[in-house]
Amino acid sequence: MDERVYLSIGSNIGDRLANLTQAVNLLKADSAVQINAVSSVYETQPWGNLDQANFYNIAVSITTTLEPAALLSVLHEIEQAGHRQRLQHWGPRTIDLDIVYWGKRQINTPELVVPHPRAQERNFVLLPVQEIAGDDPEVKAQVDAALRQKRDTSWIKKVEGISINDDK
């Protein structure tokens with residue numbers, strides 16, 4: 001239970017802030033999940049398919065007693081509660097939750113690859129995780145190294161004056 005898991009959560013359909021808040025609240029409601037930190041909210045241009053609305057993105061650091069497949073199941077349930085529809089690859093979505101880092105673990109199954117295979121290329125993942133991983137040398141080193149490579153040139157900006165309350 002001591003390995004931190006980092007989630008990337010994004011939304012670009014409907015009330016993006018409400019969608020992110022609902023996802024965090026559903027994570028909090030799961031007794032097997034402990035939230036350690038929630039990043040600032042970042043607005044980002046879409047990645048992959050640019051012909052859609054801008055995203056709001058956050059990173060969430062958790063610890064959990066769940067095994068990876070079980071946590072992935074919980075995340076899919078949260079997406080369903082947020083009316084996520086998988087209609088288009090890299091398309092618009094009400095809510096999207098991804099496991100991006102799990103401590104030192106490397107996971108490679110047909111359902112889940114961790115570290116997330118495209119995390120290193122996405123500022124909307126890296127910058128929010130960097131914000132909350134300051135005391136986690138394993139993950140912070142990976143994120144800092146990826147950011148130094150500057151693989152993503154899309155714009156990203158911290159949304160001032162709003163946050164997801166994590167009750168800490």
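Please treat every number below as a calculation from the coordinates, not as lab data. Being a predicted model, the structure only gives us computed values, none of them experimental. Here the Cβ positions follow ideal geometry from the backbone for every residue, glycine too, while neighbour counts run over all protein chains shown.
Which one of Asn108, Phe124, Val139 is farthest out on the positive end of the charge dipole of the range 86-149, using unit charges on Cβ (Lys, Arg +1; Asp, Glu -1) and the Cα centre as origin? Comparing the listed Cα positions along the dipole, Asn108 ranks first. For the chain, the Cβ-based charge dipole about the Cα centre amounts to some 400 debye (Lys, Arg positive; Asp, Glu negative; other atoms uncharged). Non-local lysine pairs in the chain, meaning eight or more places apart or on different chains, with alpha-carbon distances under 22 Å, amount to 8. Averaging sequence separations of C-alpha pairs under 8 Å and six or more residues apart, then dividing by the length of the range 5-158, give the relative contact order as a whole percent. Once divided by the residue count of the range 5-158, the mean separation gives 31 percent.
Scanning the chain for DSSP H helices at least 30 Å long along the axis (C-alpha atoms) with a Kyte-Doolittle mean no lower than 0.5 picks out nothing.
Considering only Leu66, Ile78, Ala29, and ranking their Cα positions along the charge dipole of the chain that arises from unit charges at the beta-carbon of Lys, Arg, Asp and Glu, the one farthest toward the positive end is Ile78.
Residue exposure proxy: Trp47, Trp155, ordered by other Cβ atoms within 10 angstrom of their Cβ from fewest to most, comes out as Trp155, Trp47.
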